[in-house]
There are 2 protein chains.
Amino acid sequence: MTEQPKKAVVLLSGGLDSSTVLAMARAQGYACYALSFDYGQRADAELAAASAVAQQLGVVAHKVLRLGLESIGGSALTDRSIDVPEQLQDGVPVTYVPARNTVFLSLALGWAEVLEAQAIFIGVNAVDYSGYPDCRPEFIAAFQNLARVATKASSDGKEIRIETPLLHLTKAEIIRQGGVLGLDYSLTVSCYQADAAGRACGLCDSCRLRAQGFADAGVVDVTRYGGARRG
Amino acid sequence: MTEQPKKAVVLLSGGLDSSTVLAMARAQGYACYALSFDYGQRADAELAAASAVAQQLGVVAHKVLRLGLESIGGSALTDRSIDVPEQLQDGVPVTYVPARNTVFLSLALGWAEVLEAQAIFIGVNAVDYSGYPDCRPEFIAAFQNLARVATKASSDGKEIRIETPLLHLTKAEIIRQGGVLGLDYSLTVSCYQADAAGRACGLCDSCRLRAQGFADAGVVDVTRYGGARRG
């Protein structure tokens, strides 16, 4: 009798962080089930990137769930009447999508339960976290606590762990890890307003943090930039 | 200067419990924003019921979010290859939808944050709860704890409370409360397999609990039953 491989649901946006997390989960021996969301985000190119990364890294399945977050509004990422800022802002930025990670983790929890997965991987980061409340360690701890009582799996005594391997890494450390694991970062898209071909603007918060990460890591920045880039 | 009315997001399935909760939230003076989900549930009639109830009770807005839970599967309510049982089962029943209340509350949290609402109302019930793990008081407490750290509102010191006015009521007590508040229960649909006209089967767990509730309350059962009913 062969042993069942351990399974993980991996939240995959197609950006640098979540793609690295997928590479890490694979390296830890998990059979990976990638979960992406089509939630009215500006950058449709993210989903194409997620597919490319999922394919490169050999997931068992890649599911894209449609989620009408744009009808809730309140974020520059889903509401086209709010501009994406090109300077780092104080406080919680307008690119914050209300309760996004709570929603994403909840849906991952549902799928993990159906798959009888042992873990959910999410690429939150408390170092370069852009001021998002739902990227903090206390948020993850509270969600883990919720997962313990929220599911049928939990009432059967099976815990689904929330794994956050990037939580305390800098962007440069993340990029070095991904490089070691053979991840091709040119497939990934981090830009909040990438063009249809997946080319980055080079101006938004997410582009700035990413470019700085490559610089700090001393790794060539393979990001594909588009016409909108300045400087 | 007029005072801003307090606002609440109310999760509204169109069933007996959530409709009563909406009536209660209104009676407490909240401007109510009803939130329903089209998640591949068998009973499309639920959503029609939710609209009728929202209209009768005068909500400010009623939003129906599409959510692809059927692609996650694992429940008789979203997977048509699993039969809805006609007997009460031991343990967590097959009608349990993985992490459903976690997902619903997460999306309510996002909308509450955008609306700057003070509360989210949900009709969970720990008495006649059909064995669902995400209807227990410890689940609600864990979600409240999560809400405290998950949102931008929480980092501004504004708490969004999770209100569960039915938590410790019996079905009969719920029905009596709704009656006092003028709720027309013939508009509501609780059946897991109601027909297109919203007529109940009279056989599933949900129908049995509801019928028993009317009997125990000594209130005439105004439920509209369809051809599938036996006995």
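Points worth noting:
- Within segment B:130-153, if we keep just the residues that are of a type in the set (Val, Ile, Thr) and crowded, with 20+ Cβ neighbours inside 10 Å, the residue that is farthest from B:Asn101 (Cα to Cα) turns out to be B:Thr151.
- For B:Gly182, the test of being crowded, with 21+ Cβ neighbours inside 10 Å and assigned to a loop (DSSP other than H, G, I, E, B) is failed.
- If only residues of segment A:106-162 that are in contact with a helix residue (DSSP H, G or I) (Cβ under 9 Å, 6 or more places away or on another chain) and of a type in the set (Asp, Glu) are counted, the one that is modelled with the lowest pLDDT is A:Asp128.
Okay, residues lined up against (1) closer than 19 Å to A:Ser13 by Cα; (2) in contact with a Phe, Trp or Tyr (Cβ under 8 Å, 6 or more places away or on another chain); (3) more than 14 Å from every other protein chain (Cβ to nearest Cβ):
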residue: A:Lys152; (1), (2), (3): no, yes, no
residue: A:Gly157; (1), (2), (3): no, no, no
residue: A:Ile174; (1), (2), (3): yes, no, yes
residue: A:Gly198; (1), (2), (3): yes, no, yes
residue: A:Gly202; (1), (2), (3): yes, yes, yes
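- Residue match in segment A:161-172 (condition: more than 12 Å from chain B (Cβ to nearest Cβ) and either more than 30 Å from A:Gln55 (Cβ to Cβ) or in a helix (DSSP H, G or I) (or both)): yes
- Of all residues in segment A:114-129, those being part of a helix (DSSP H, G or I) and either touching a residue at least 60 places away in the same chain (Cβ under 8 Å) or crowded, with 24+ Cβ neighbours inside 10 Å (or both) number 1.
- Residue within segment A:5-22 that is within 17 Å of the chain's Cα centre (by Cα) and among the acidic types (Asp, Glu) present: yes
- Test: residue in segment B:75-96 that is at pLDDT 75 or above and part of a loop (DSSP other than H, G, I, E, B): no
- Residues satisfying the stated conditions in segment A:155-191, i.e. touching an Asp or Glu at 6+ places or on another chain (Cβ under 7 Å) and polar (S, T, N, Q): A:Thr170
- Selected residue (only one of B:Leu12, B:Leu65, B:Leu47 is of a type outside the set (Lys, Arg) and crowded, with 24+ Cβ neighbours inside 10 Å): B:Leu12
- So B:Leu166, is it within 26 Å of B:Arg26 (Cα to Cα) and in contact (Cβ under 8 Å) with a residue 12 or more places away in the chain: yes
Yes/no per residue for (1) at pLDDT 90 or above; (2) assigned to a loop (DSSP other than H, G, I, E, B); (3) within 13 Å of chain A (Cβ to nearest Cβ):
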| position | (1), (2), (3) |
| --- | --- |
| B:Val9 | yes, no, yes |
| B:Ser13 | yes, yes, no |
| B:Arg26 | yes, no, no |
| B:Ala48 | yes, no, no |
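- Restricting segment A:15-24 to residues that are part of a helix (DSSP H, G or I) and of a type in the set (Gly, Ala, Ser), the residue that is surrounded by the fewest Cβ atoms within 10 Å (Cβ to Cβ): A:Ala23
The values are calculated or read from the model by the stated rules, or taken from the named source; none is laboratory data. If you're wondering where the values come from, they're calculated on a predicted model, not measured in any experiment. Methodologically, a virtual Cβ is constructed for each residue, glycine included, from the backbone with ideal geometry; neighbour enumeration extends over all protein chains shown.
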